[in-house]
Amino acid sequence: MQAKRVTFQRTALPLALLAPQLAVTGIFFLWPAYQAMRQSLYQEDAFGLKVVFSGLTNFYDLAVDPTYLASLLTTLVFSLSVAAVSLSFGLLLAVLADGVGRGSKFYQLFLVWPYAVAPAVSGVLWVYMFDPSIGPITKLLRVVGIDWNHQIHSGQALALIVMASCAKQIAYNFLFFLAGLQSIPKSLLEAAALDAAGPIRRFFTIQFPLLTPTSFFLLVVNMVYAFFETFGVIDATTYGGPGQSTNILVYRVFNDGFKNQRIGASAAESVVLLAIVAVFTFIQFRYVERKVEY
Amino acid sequence: MAAVSLKGIRKTYPNGLEVVKGIDLEIENGKLCVLVGPSGCGKSTLLRMIAGLESVTAGHIEIAGKDVAALEPAERDIAMVFQNYALYPHMSVFDNIAYGLRNRGTPRNEIKARVEEAEKLLALDGLLQRRPRELSGGQRQRVAMGRAIVRRPSAFLFDEPLSNLDAKLRTQMRVEIRTLQQRLGVTSVYVTHDQLEAMTMADQLVVMNAGQIEQVGTPAQVYDAPVSQFVAGFLGSPAMNFLPGTIQAAGDLVLDAGGHVTLTGTATQMQGQRVIAGVRPEAIGIAQGAPAFTARLELVEELGSARLLHLRLGQTTLVAVVGRETAFATGQDLPVSIPAASVHLFNEKTGRALV
Ligand SMILES: Nc1ncnc2c1ncn2[C@@H]1O[C@H](COP(=O)(O)OP(=O)(O)OP(=O)(O)O)[C@@H](O)[C@H]1O
Ligand SMILES: [Mg+2]
């Protein structure tokens, strides 16, 4: 009896403390995920009058839908570009701030600000700056002979959402890279300097290799971000257009579900996204935990 | 010609702290010079200035006859062994040792030959393909040495290279480093705060205190004739005993704590002077000759080879090293004798030695 009570006491408190988190996870993740999976197996008519179990038909339809496959390709190009651009700039800024040493606190603060701006707000800013008729950057570009209109040119639209999405990630990557750089013992770089390695060689042979775990971690984080969290940016800038050219998967889920009322298709697309995030999370846990020892 | 020559070296850090306050030092070719001093006295700062890792506020540094002021660390023809070894964690032992040679464009087969030579010299056989984290502390230490010697520099700089090792390994590595240094005949500057390491390894011993040199000499010279109370107390373990007193009649030192010590030589002319008498623990005799005073035995420490007696005389305690022939019981009152020849006298105010 007593043992039982003790056991009960031990689990009750942790459960109580976890309850809010569990509730949030349940309500905002598990329940919708379950709904998405269930609905992905049904098809509904356009008026929402009849719901029919359709097995994997929704998934089959996706697999043979050329616009969906194009969207998948766009998403890949988009997220790889976001990752590449924001990682390189984050690293470049971190290297510069690390070299500055004393003033780096200032740079840190300065560079972290974009991270605090809501994606929709920053999206609106980008739309304004690149507005085809009144945008200040558009005017500048016209001076150098570039005709900017992301409402017509699909390549420019993609470039715009990449830029708008990167602004925030650069700040995030910068912080991690800076922390990574500063955790490399100073004596390693001094030893390398004595070993006749100049700053550039030191970077490529000592600092960059030692940042590998950080880079890999950030690569996954940035890919996840580009895949799943860029809805706000797109909804504020291109709405997936022109045509389908910036209609990445996460935006498509919204389009199909809410605009086109194709609930079954939208649910199936969500499930695919869920599977992709699961893969990323697995990679994250499996490979990123490894640490470098100095 | 001196291999390393320092003239009027000063260092003030950007925060305004002056940590090196005018150092003049000449280190002869092929000699091992040990910089020893308490923590924070500026040893590492001085070494890093020689290496070029720290800027020099004032003064001149010459290495192998060349003023190095305008030279980058890599151009100074020195190699340094760091306290934490500073091995590149992502490279194999081979690559760690070869890194500096590769950066200098040494031909491939030459690199291989030199690394293999270092491998033999440092007993690194079979470790070349390992990563630093797969090595023991002593092995990492050797790799750090290897990285220094393959460069064939005109000077080695060591910053407390043994302080991360346990006591036994430290003794062993001390001998290894010294043997290797003598074999290669490379001028070396060795920083430590361990007085035993300093005494045993040095050709030239430099005792530093608060950014200045207190004394330079061979270990025996510095040990036998310390120029100040600081040096006297710093070298030797257990440390020298200090007993304040006044010189009364010719050659009669009356200790404040009670008791008389008979002095000889010039000290007999210093009547009325306040002094501090320094006596090394091994010079103190128990129940031999005319006792200077009797002291209460408070504690006996067994060292195996000898015994340490902790004695109380009035308010002061002193330590004596004695052989193991006689057994002593704590609480006993012992007659303590102090041979006149073994007494070092220091000015009570300045701490300078009185000859
Ligand atoms: N970069 C720096 N900026 C400001 N002060 C410093 C800096 N580096 C060292 N100091 C100060 O300079 C003094 C001397 O430091 P240093 O490292 O030379 O001492 P050390 O003799 O090597 O001591 P230890 O035996 O503890 O290594 C210390 O008081 C230290 O706090
Ligand atoms: Mg030091």
**OP:** May I ask you to verify whether A:SER71 is open to solvent by less than 50 Å² (accessible area, probe 1.4 Å) and within 30 Å of A:ASN173 (Cα to Cα)?
**Re:** yes
In the stretch A:147-188, residues that are of a type in the set (S, T, N, Q), farther than 18 Å from A:SER215 by Cβ, open to solvent by 10 Å² or more (accessible area, probe 1.4 Å) and away from every other protein chain (no Cβ under 14 Å) total 4
For the stretch B:213-243 the number of residues that are farther than 11 Å from B:ARG280 by Cβ and loosely packed, with under 15 Cβ neighbours inside 10 Å is 4
Of B:MET199, B:MET208, the only residue that is open to solvent by 10 Å² or more (accessible area, probe 1.4 Å) and under 12 Å from B:VAL36 (Cα atoms) is B:MET199
Of the residues in the stretch A:94-115, those that are among the hydrophobic types (A, V, I, L, M, F, W, C), under 27 Å from the mean Cα position of the chain (by Cα) and open to solvent by less than 90 Å² (accessible area, probe 1.4 Å) come to A:ALA94, A:VAL95, A:ALA97, A:LEU111, A:VAL112
Among B:ARG102, B:ARG152, B:ARG130, the single one that is within 14 Å of chain A (Cβ to nearest Cβ), free of Cβ contacts under 8 Å to residues at least 60 places away in the same chain and over 22 Å from B:PRO73 (Cα atoms) is B:ARG130
- Quick one: is A:ARG252 among the basic types (Lys, Arg) and open to solvent by 40 Å² or more (accessible area, probe 1.4 Å)? no
Those helices (runs of 4 or more DSSP H) completely within the stretch A:152-264 that have 3 or more residues that are more than 30 Å from B:LEU47 (Cβ to Cβ) are A:154-182, A:212-228, A:231-237, A:249-254
Considering the stretch A:204-219, residues that are open to solvent by 30 Å² or more (accessible area, probe 1.4 Å) and closer than 17 Å to B:ALA86 by Cα, and then whichever is nearest to the other protein chains (Cβ to nearest Cβ), we arrive at A:PRO209
Worksheet item: Out of all the residues in the stretch A:134-144, is one or more surrounded by 12 or more Cβ atoms within 10 Å (Cβ to Cβ), touching a Pro at 6+ places or on another chain (Cβ under 7 Å) and in a helix (DSSP H, G or I)?
Response: yes
Note on the stretch B:165-191: residues surrounded by fewer than 23 Cβ atoms within 10 Å (Cβ to Cβ) and in contact with an Asp or Glu (Cβ under 7 Å, 6 or more places away or on another chain) are B:ARG174
Exception for A:GLY232 within (1) open to solvent by 30 Å² or more (accessible area, probe 1.4 Å); (2) more than 14 Å from chain B (Cβ to nearest Cβ); (3) within 21 Å of the chain's Cα centre (by Cα) falls at (1)
The residue that is nearest to A:PHE208 (Cα to Cα), considering only those in the stretch B:73-99 that are within 12 Å of chain A (Cβ to nearest Cβ) and β-branched (Val, Ile, Thr), is B:ILE97
Selection from the stretch A:240-251 of residues at pLDDT 80 or above and either touching a Pro at 6+ places or on another chain (Cβ under 8 Å) or of a type outside the set (A, V, I, L, M) (or both) yields A:PRO242, A:THR246, A:ASN247, A:TYR251
When restricted to A:ALA275, A:ALA236, the only residue of a type in the set (Gly, Ala, Ser) and free of Cβ contacts under 8 Å to residues at least 60 places away in the same chain is A:ALA275
Those helices (runs of 4 or more DSSP H) completely within the stretch B:163-274 that have 2 or more residues that are away from ligand 1 (no atom under 16 Å from the Cβ) and over 26 Å from B:PRO153 (Cα atoms) are B:167-184, B:219-224, B:229-234
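The rows are residues; the columns are (1) under 15 Å from B:PHE158 (Cα atoms); (2) more than 14 Å from chain A (Cβ to nearest Cβ).
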{"site": "B:GLU26", "(1), (2)": "no, yes"}
{"site": "B:ASN29", "(1), (2)": "no, yes"}
{"site": "B:VAL34", "(1), (2)": "yes, yes"}
{"site": "B:PRO38", "(1), (2)": "no, yes"}
{"site": "B:ARG48", "(1), (2)": "yes, no"}
{"site": "B:VAL56", "(1), (2)": "no, yes"}
{"site": "B:LEU71", "(1), (2)": "no, no"}
With the first residue restricted to the stretch A:190-201 and required to be at the interface with another protein chain (Cβ under 7 Å from one of its Cβ atoms), and the second required to be among the polar types (S, T, N, Q), Cβ contacts under 8 Å at 6 or more apart or on different chains are A:ASP195/B:ASN103; A:ALA196/B:ASN103; A:ALA197/A:THR205; A:ALA197/B:ASN103; A:ARG201/B:ASN103
In the stretch B:272-299, anything touching a Lys or Arg at 6+ places or on another chain (Cβ under 6 Å) and either loosely packed, with under 15 Cβ neighbours inside 10 Å or over 21 Å from B:ARG324 (Cα atoms) (or both) is listed as B:GLU298
Quick one: would you say B:ASN209 is over 30 Å from B:GLY8 (Cβ atoms), within 16 Å of ligand 2 (Cβ to nearest atom) and touching a residue at least 60 places away in the same chain (Cβ under 8 Å)? no
Residue check for B:THR350: touching a Leu at 6+ places or on another chain (Cβ under 7 Å) and among the polar types (S, T, N, Q): no
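The values are calculated or read from the model by the stated rules, or taken from the named source; none is laboratory data. As the structure is a prediction and not an experimental result, all values here were calculated from the model. Note: ideal-geometry Cβ built from the backbone for every residue, glycine included; neighbour counts use all protein chains shown. In case anyone asks, the SASA skips ligands and DNA or RNA and just uses the protein heavy atoms, side chains included. Shrake-Rupley method; radii C 1.70, N 1.55, O 1.52, S 1.80 Å.
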